[in-house]
1. For A183, only one of the following conditions fails: (1) buried (at least 21 other Cβ atoms within 10 Å of the Cβ); (2) touching a His at 6+ places or on another chain (Cβ under 9 Å); (3) not assigned by TED's automatic domain parsing to the domain that holds S312. What is its number?
2. Going residue by residue through region 275-290, is there one that turns out to be touching a residue at least 60 places away in the same chain (Cβ under 8 Å) and surrounded by 18 or more Cβ atoms within 10 Å (Cβ to Cβ)?
3. Just checking, does region 144-161 include any residue being assigned by TED's automatic domain parsing to the domain that holds E48, closer than 19 Å to E423 by Cβ and not in a loop (DSSP other than H, G, I, E, B)?
4. Restricting the search to region 253-271, which residues are in a helix (DSSP H, G or I), surrounded by fewer than 14 Cβ atoms within 10 Å (Cβ to Cβ) and not small (G, A, S)?
5. Does at least one position in region 27-35 carry a residue that is in contact with a helix residue (DSSP H, G or I) (Cβ under 8 Å, 6 or more places away or on another chain) and over 23 Å from L129 (Cβ atoms)?
6. Scan region 125-153 for residues that are in contact with a His (Cβ under 6 Å, 6 or more places away or on another chain) and not β-branched (V, I, T) and report the count.
7. So, in region 46-70, of the ones that are among the aliphatic types (A, V, I, L, M) and within 18 Å of N130 (Cβ to Cβ), which residue ends up surrounded by the fewest Cβ atoms within 10 Å (Cβ to Cβ)?
Amino acid sequence: MNIHWPSITQETVRHLQDLLRLDTTNPPGNELIAAEHLARVLNAEGIEPLVLESAPQRGNVVARLKGSGQAPPLLLYGHTDVVPAEPQYWTRPPFGGEVHDGFVWGRGAVDMKGTVAQQLMVFLLLKRLNVPLKRDVIFAATADEEIGGEGSCGLWWLVQHHPDLLRAEFGLTELGGYNMDFAGTTVYPIQVAEKGTCWLKVRAHGQPGHASQPGHNNAVARLARAVDEVARRGLPYHLTDATAGFLEAAGEAVGGELGGWLRELKTADRAHALLNGPLHHHTLYPMLTALTHNTAVPTGLNAGQKTNVIPSVAEAVIDGRTLPGFDSEAFVAEVKAVMGDDLEYEITNQSPPLQTAHTTPLFELMARTLKKHDPQAQVVPYMMTGATDAKYLAPMGVPTYGFAPMKLPPGFDFMNLFHAHDERAPVEGLGWGVQVLWDVVLEYCRAS
């Protein structure tokens, strides 16, 4: 197929600029303006999208290119809401969509309107080139990922009210397919799993009284000891399939002593020795700990109203993240074993962990395509320690890979631009990613 990729790169950038100039800050969201804009783009190409308003001004758009039905659909999906920006701290206007120094600047450029623009471009190319398809290809741009949760206005709402629009063999969304420096070696992670959430409020109850007469049952002191214990000890080691695959592939890519250590992290005894020994002060320690443990991180404390009054209750806020294979009940049991079962535990928010096999033909195709476009690519399966909208699709049998390819320039601190000031995406990197995504979708979906 004769595609002039420099022109496609520029068109992708224009689509991204248009999206960036729509203020879809969540809250309040207002994603309907993005859904209607994308619908106009699709309509202009002869595609008939559905715009679905889940609440006033909360819009989602879904479109489908029909295939022969020989194989089940592929879903390309992303969100159009963005987190708030503080314009006074930005070098360029966060909703200007300006191009400077080889980058497209704006809130959402990397999270994740850039990916939506890439997916849109691939979808439009399939239509323009009249590619015969053996499976439907679905494009969905949704609302309310940044706040999300049960009752939210985006993918959760679509799954509840229009699940047939989204049923697919696989979904592709954020976050993976980009080059990152890992201990001095360039690797391309493909997200195959994500941790779940289990946020807690943990309360200690004690005897109130005048602070001039300290007693033995001080709620603040009891809670402080428990919080210190979970912060110091952490929770037990566990190895998931996704992490085992990552440690093996990353260890082979890095090589040397560190590569050997990474592979040794696949056993509990060696992981304990390494994470408390040579890796304890390594820059990779936080990530490696999160990949091999459920985590319970104290993020807030609240107790007392007056200096001279011993309060009857002290409360800690815990950000809990669960590995695939663990539900909230099992997670809370691990926390209780460390903090104590004489405290009160309240779950304030929870979502399930996810894991997709990294031995599928689609994963192998994505890895092969990355190596085609970058012969030096070392592809690794990866578990995201945060969460995405994929958790809403999993219960209806739609597994997701995080695959939003982008070639990053040297020294570009990609991950630290999420939700940060001066968010921006490289023009050439966006175009490179469109080519990679196109090759994957074309080979996976084209009729032979």
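The values are calculated or read from the model by the stated rules, or taken from the named source; none is laboratory data. Keep in mind that this is a model prediction, so the values were computed, not measured. So basically every Cβ, Gly included, is an ideal-geometry build from the backbone, and we count neighbours across all protein chains shown.
1. Exception for A183: condition (1).
2. Looking for residues that are touching a residue at least 60 places away in the same chain (Cβ under 8 Å) and surrounded by 18 or more Cβ atoms within 10 Å (Cβ to Cβ), one finds at least one in region 275-290, hence yes.
3. The answer is no, given that none of the residues of region 144-161 is assigned by TED's automatic domain parsing to the domain that holds E48, closer than 19 Å to E423 by Cβ and not in a loop (DSSP other than H, G, I, E, B).
4. Passing the criteria: E257, D269.
5. Taking region 27-35 as the starting set, the residues that turn out to be in contact with a helix residue (DSSP H, G or I) (Cβ under 8 Å, 6 or more places away or on another chain) are 34.
Restricting the remaining residues to those that are over 23 Å from L129 (Cβ atoms) gives 34.
Within region 27-35, one or more residues are in contact with a helix residue (DSSP H, G or I) (Cβ under 8 Å, 6 or more places away or on another chain) and over 23 Å from L129 (Cβ atoms).
6. Going residue by residue through region 125-153, those that are in contact with a His (Cβ under 6 Å, 6 or more places away or on another chain) are 142, 145.
Next, only the ones that are not β-branched (V, I, T) stay: 145.
The total comes to 1.
7. Initially, region 46-70 is screened for residues among the aliphatic types (A, V, I, L, M), giving 47, 50-52, 55, 61-63, 65.
Those still in the list that are within 18 Å of N130 (Cβ to Cβ) too: 47, 63, 65.
On the way: I47: 17, A63: 25, L65: 19.
Per the criteria, the residue is I47.
Per-residue answers, yes or no, for (1) surrounded by fewer than 23 Cβ atoms within 10 Å (Cβ to Cβ); (2) in contact (Cβ under 8 Å) with a residue 12 or more places away in the chain:
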position	(1), (2)
R128	yes, yes
P132	yes, yes
T142	no, yes
E146	yes, yes
G151	yes, no
W157	yes, yes
P163	yes, yes
F170	yes, yes
G176	no, yes
